[in-house]
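Below is one structure; the comments refer to it alone.
The values are calculated or read from the model by the stated rules, or taken from the named source; none is laboratory data. Just so we're clear, the structure is a prediction, and the values are computed from it rather than from any experiment. Cβ atoms come from the backbone with ideal geometry, glycine included; neighbour counts cover every protein chain shown.
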């Protein structure tokens, strides 16, 4: 029996030893169900399966890793063994090798051949949320991480770019300690809680400062957008730095379909500054998807409501932006001040999965439900066509 065409599409690395028996073909079909944990495609179509050989009841599988010392090699080895073991009563051995430079180039070319340089340009169907705040310290990054993880838990393909270059915190909030994998010029984003993540913090020591000006900030964001292999995302979150500076402007240029999520806290001063960040949309032409209030009133065990930072700031920002932008800007929810959210964040375990029944966890889940109900696509967008 000969090789099956659907296992080796045109342009993909061919196996060193093609299947010739019914057993081997069955094994190849089983391996087609094994998904590379970084690229999120079957290892057979990526050319990672070099050979499958049966020796009586024992089977040997040779796998080409993308790089030497691949951080996901243990996962791949386990998944390959699990896929093939039901086909034999004997043992399964998995031999790991590494792609040659030419093979890595071929893989990169295959993955990038059909996609534009900027995969999130005007023609992209990915739903993009740029999470903004007027000032720091309002919990913007914490909420961004939780919303991304919450949507991924709903089965959506989600990406997250930590665009707060000077004050990056996303890796810590999601418990990411490893570095991205590079395949030639292509960067594979680490995955945490089902979310593909990219941050400058993954390339630096934890306490190393970043002292960059505008052009370098723009270039960093551009590389995160164009040089990272994101695949086909349903939703992409951009964790913006506080304020309305260089990165906010670069985001509007690189991600023209992005919608703003404005984060505020209840006090009047923070609400005023947050409204300013939302009004940036009049210059960037980005719609505002909604306002989220963080550190809202908390309910004590005896039923007393404690307004540590006051109340009403989120609603005030919603009303102000609705008036100024002449569009409905809803208040998507208020996250109460909750020690559980702080503890989960410090531990790198998002509350939407670690503590979903906490006050903050329930409020975040409600907002996730709202965002999950907003499909990606062309609805509401201006198409680049004109009648003749």
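Observations
- Residue match in the stretch 129-147 (condition: in a loop (DSSP other than H, G, I, E, B) and under 22 Å from the mean Cα position of the chain (by Cα)): yes
- Filter pass, residue 361 being over 26 Å from residue 374 (Cα atoms) and surrounded by 15 or more Cβ atoms within 10 Å (Cβ to Cβ): no
- Any chance residue 379 is modelled with pLDDT of 95 or more and either under 21 Å from residue 261 (Cα atoms) or touching a helix residue (DSSP H, G or I) at 6+ places or on another chain (Cβ under 8 Å) (or both): no
- Unmet requirement for residue 255, which otherwise passes all of (1) in contact with a helix residue (DSSP H, G or I) (Cβ under 9 Å, 6 or more places away or on another chain); (2) at pLDDT 85 or above; (3) over 26 Å from residue 364 (Cα atoms): (3)
- Sole residue being under 19 Å from residue 143 (Cβ atoms), in contact with a helix residue (DSSP H, G or I) (Cβ under 7 Å, 6 or more places away or on another chain) and part of a helix (DSSP H, G or I), chosen from 291, 317, 324: 317
- Residues satisfying the stated conditions in the stretch 110-122, i.e. in contact (Cβ under 8 Å) with a residue 40 or more places away in the chain and either surrounded by fewer than 17 Cβ atoms within 10 Å (Cβ to Cβ) or under 19 Å from the mean Cα position of the chain (by Cα) (or both): 111, 112, 113, 117, 118, 119, 120, 121, 122
- If you go through the stretch 248-275 and keep only what is assigned to a helix (DSSP H, G or I) and over 25 Å from residue 216 (Cβ atoms), you end up with 268, 269, 270, 271, 272, 273, 274, 275.
- Residue in the stretch 181-199 that is part of a helix (DSSP H, G or I), crowded, with 19+ Cβ neighbours inside 10 Å and under 11 Å from the mean Cα position of the chain (by Cα) present: no
- Selection status of residue 216, outside any strand (DSSP E or B) and more than 16 Å from the chain's Cα centre (by Cα): yes
- Looking only at the stretch 6-37, and only at residues there that are in a loop (DSSP other than H, G, I, E, B) and modelled with pLDDT of 85 or more, the one that is surrounded by the most Cβ atoms within 10 Å (Cβ to Cβ): 34
- Which numbered condition residue 247 fails, given (1) at pLDDT below 85; (2) touching a strand residue (DSSP E or B) at 6+ places or on another chain (Cβ under 6 Å): (2)
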